[in-house]
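Report on the following structure.
Computed from the coordinates by the stated procedures, all read-outs in this text should not be read as laboratory data. Nothing here was measured: the structure is a model prediction, and the numbers come from that model. Glycine gets a Cβ as well: all are built from the backbone with ideal geometry, and neighbour counts include every protein chain shown.
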Amino acid sequence: MNDLTTPRRQHIAGLLVLLGWQSRHMLRAAWPILIAAYFQNANDAKYFLWTISVGAVFTLVGAALHFWRFTFNVSGGKFHVYKGVFVREKINIPLERVQAVHIEQNLIQRLFGVSGVRVDTAGTSGSELRIHALKWDEAQALRSLLTAERSDAAVQHEKVNSEAEETATLKRLAPRRALMDLDLPTLLKVGLSQNHLSKVAFAIGGLVTFQGFAWDIVAELWAKVPSLWRTVLLFLSPLLLVFSPILIALGSVLISIVTSVLRHWKLRIWVEGSKAKRTSAIHLTQGLLKRQAMQIPIHKVQSVMWESTWIRRLFSMDTVHIRQAAAGGAVSSGDSGGMEGGNAMRMGIPAMNATRTRQLEALLFPTWPQRKLVTLRPEKYAFWVRWLRRSLALTPFAMGLGWWLGVSWGVALGAVLWTWSGWLSRKVYRGQWTTTDGRHLSAHQGWWFRKRVMIDWHKLQAVELTQNRIHARRNVAHLTFHTSSGVAHLRFLPTDVARDLRDLAMAQVHAHRGPWM
Amino acid sequence: MNHLKNAFVDLADWPELDEIQLVPLLSAYAKARALVWSVVTVVVGLAFSGPLVAIAFWGDKAPPRVLWLIFGGVWLLSMGWWALEEWMGWPLRGYLVRDRDVVYRRGWWSRTITAVPFTRIQHSEIQQGPMGRWLGYCTLKLYTAGASGANLEIPGLSMATARNIRRMLEDQSHE
């Protein structure tokens, strides 16, 4: 095994990967320049090309310097990273702060027999650490070192190589329990049951964007078609209008299937390690072109989210996202009960059926349900507020139609929109409920797209109770549970229930004596 | 099987946060907020009315009265609402440091009470800007783990209070 205890650089292929990675970032930042260059005449375009060339040279030099100055090693129970070209930066990460380590291998990396390593440390700023190229066995060894939990300070100062060997031995001896081995029919079902609407929107967007080119090509081809065939094609052209939506839909489904196969090819999930020694972790490998190997220690899991669409429910499946404490990133707040959080390094598992869900619950929340479950629903006021808001937002359409075609048409459309909004609001309201056993929380939301979030109150970061003056008169309040992987909202609860839940959650945090991350 | 143990917590004696008298913030911070409100009100008012006045004096035609009414109404309503929120919300602002957590309450129209356990605080920061140095207050920032946005900011503290809270946090983390 290569020595990971002394500072070392990445594999030389990392330079190439880094170059590709930085070029992609540069192209993302420079796309307005490229578009502007496209619309310039040949004389002016050369200035843009010069700018792009200078940018490319800077990218190349930057990548080379970054590669040269980036070194890392593991020693003394810490992961040390040295980086920076003009400003030297030394990062020391205690191993117990490492939340998850993922190994990835894209096409270029596979070509050179190397893989990338991403390390999430749940820092409050920036995202995870990334090593672009390590040999596969070195990446595995590094992951073993970074995710091995140490109970004893003395162990931390032992030679790292012996630690890795010890961990490997433990893993060999530890039971390995398979959770999922995705077969091809199920993989196709996953592809078929994806949300195709986004792909349809993408296809329509593409058609609108490139219609100018498309018309030029069609006109060119049309000129080459013999006149007899032109007559036949003109006669058949109305059929194009009928079949084009079907073709777009078929194309979208095909894209969904292809992307699913590429992403989830040979998806395997298993649990390995000893829970008593806190080495138990959930492992995932998948991918056809880009191979991924993820690992999250079970005791580091902060929240779990299941989500499903109506198509996926037809196949009795949903997708689960397992979240460890996430590095600082984009976190937004939604308008209804649910969970938000950064997407960085989230482990997503498709094709979860009822049996696998029970297995996962038992694994990640072994004490659930600890006591008899209590079900909480938002107050009926939540339905009225949603109905009123949605209906008021739709009313301008009815007013516009009334102004255009007459009052009766406006009133008719208004009635339809208000009825539809009321029906939808009722569905959403009925889909929003939460169960708790006094230690865990399982929050459900949604109707068309359903979500379920589970958290353990022992791992909470903060609890927030919000109530505006109208809510106070109506005796309702919102609760927000902050975990280190995202936020769970419970909206429109009776005020006394919200206060009790907040106090109970805080009491659970205070009563918990063990580690939480 | 220690991880399966989970003692029942009796909530009967657990103090409810809403019944506890919170500690008010320094009045210097109220002055700072009032100052910010005044400056923003004047600047926004000038930004709204300036072009209209310019058109009225140097333009070919005076701007229609409805424009004055719309801009003036929006300015008056938004700044008035903000003033009301500050005036009514100030007595409600307050913090509380208990044995095991820090609580902060804010807001008049929409009231928010945030509680952060000591054991979840990763690091803290005391911040004092130019206005804080002039008026004599600072802001204590408490950072929790991850990306959940559970960080807590308590503004309007004296430097001594902020340092004491910080020291208490350090003591708690060493226990």
> Could you list, bin by bin from short to long, the percent of Cα-Cα pairs of the range B:27-89 in 5 Å steps?
Replying inline: 4, 16, 22, 19, 13, 10, 8, 5, 2, 1
> Say each of residue A:258 and residue A:405 gets a label point 7 Å from the Cα, pointing the same way as Cα to Cβ; how far apart are those two points in nm?
Replying inline: 4.1 nm
> Would you list A:459, B:141 from fewest to most Cβ contacts within 10 Å?
Replying inline: B:141, A:459
> What length, rounded to one decimal in nm, is gained on full extension from residue A:197 through to residue A:176, with 0.36 nm per residue of separation minus their alpha-carbon distance?
Replying inline: 3.7 nm
>> Please compute the contact order of the range B:13-99 in relative form: average sequence separation of alpha-carbon pairs under 8 Å and at least six residues apart, divided by the residue count, as a percent.
In response: 52 percent
> Using modelled amide H (1.01 Å from N, peptide plane; none on Pro or chain starts), what sits under 5 Å from the amide H of residue A:79, excluding residues fewer than 5 places away?
Replying inline: A:93, A:95
> Can you run phi through the Karplus equation (6.51, -1.76, 1.60; θ = phi - 60°) for the range A:108-119 and list ³J(HN,Hα) in whole Hz, with x for Gly and Pro?
Replying inline: 5, 5, 5, 4, 9, x, 10, 9, x, 10, 10, 10
> Taking R0 as 35 Å, what's the FRET efficiency between residue A:244 and residue A:56 from their Cβ-Cβ distance, rounded to 0.05?
Replying inline: 0.30
> Which cross-chain or sequence-distant (5 or more) residues have an amide H under 5 Å from the amide H of residue A:112, H modelled 1.01 Å from N in plane?
Replying inline: none
> How many nm separate the modelled label positions at residue A:274 and residue A:136, each set 7 Å beyond the Cα in the direction of the Cβ?
Replying inline: 3.0 nm
>> From the gyration tensor of the Cα coordinates in the protein assembly as shown, what semi-axes in whole Å does the equivalent ellipsoid have, largest first, with each one equal to sqrt(5λ)?
In response: 42, 41, 31
>> Pairs of alpha-carbon atoms within less than 8 angstrom and 6+ residues apart define the contacts here; what relative contact order does the range B:104-166 have, in percent?
In response: 27 percent
> Across peptide A:479-491, what mean number of C-beta atoms from other chains lies inside 10 Å of a residue's C-beta?
Replying inline: 4
>> For residue B:92, project a label point 7 Å along Cα to C-beta. Then give me every residue of the range A:463-488 with its amide nitrogen under 14 Å of that point.
In response: A:465-478
> For the range A:43-50, what does the Karplus curve 6.51 cos²θ - 1.76 cosθ + 1.60, with θ = phi - 60°, yield as ³J(HN,Hα) per residue in whole Hz, taken in order and with x for Gly and Pro?
Replying inline: 5, 6, 4, 5, 5, 5, 5, 4
> Between residue A:47 and residue A:214, what FRET efficiency comes out of the Förster formula 1/(1 + (r/R0)^6) with R0 = 35 Å and r the beta carbon distance, rounded to 0.05?
Replying inline: 0.70
>> Suppose a student asked you for the relative contact order of the range B:39-165, using Cα pairs under 8 Å spaced at least 6 residues apart; what percent would you report?
In response: 13 percent
>> Could you derive backbone 3J(HN,Hα) for the range A:15-27 from the dihedral phi with the Karplus parameters 6.51, -1.76 and 1.60 (θ = phi - 60°), listing whole Hz in sequence and x where the residue is Gly or Pro?
In response: 4, 5, 5, 4, 5, x, 5, 5, 4, 4, 5, 5, 4
> Which residues' amide hydrogens lie under 5 Å from the amide hydrogen of residue B:123, considering only partners 5 or more residues apart or on another chain, with H built in the peptide plane?
Replying inline: B:143
> Using a Förster distance of 30 Å, how high is the FRET efficiency between residue B:77 and residue A:475, based on the Cβ-Cβ distance and rounded to 0.05?
Replying inline: 0.60
>> Using helices alone, I'd like the mean residue ellipticity at 222 nm for chain A: each DSSP H run of four-plus residues gives -39500 (n - 2.57), total over residue count, nearest 500.
In response: -16000 deg cm²/dmol
> For labels at residue A:314 and residue B:134 in the simple 7 Å Cα→Cβ model, what's the distance in nm?
Replying inline: 6.6 nm
> Pairs A:90/A:290; A:189/A:290; A:90/A:275; A:199/A:266; A:46/A:199; A:372/A:451: which exceed 29 Å Cα-Cα?
Replying inline: A:90/A:290; A:90/A:275; A:46/A:199
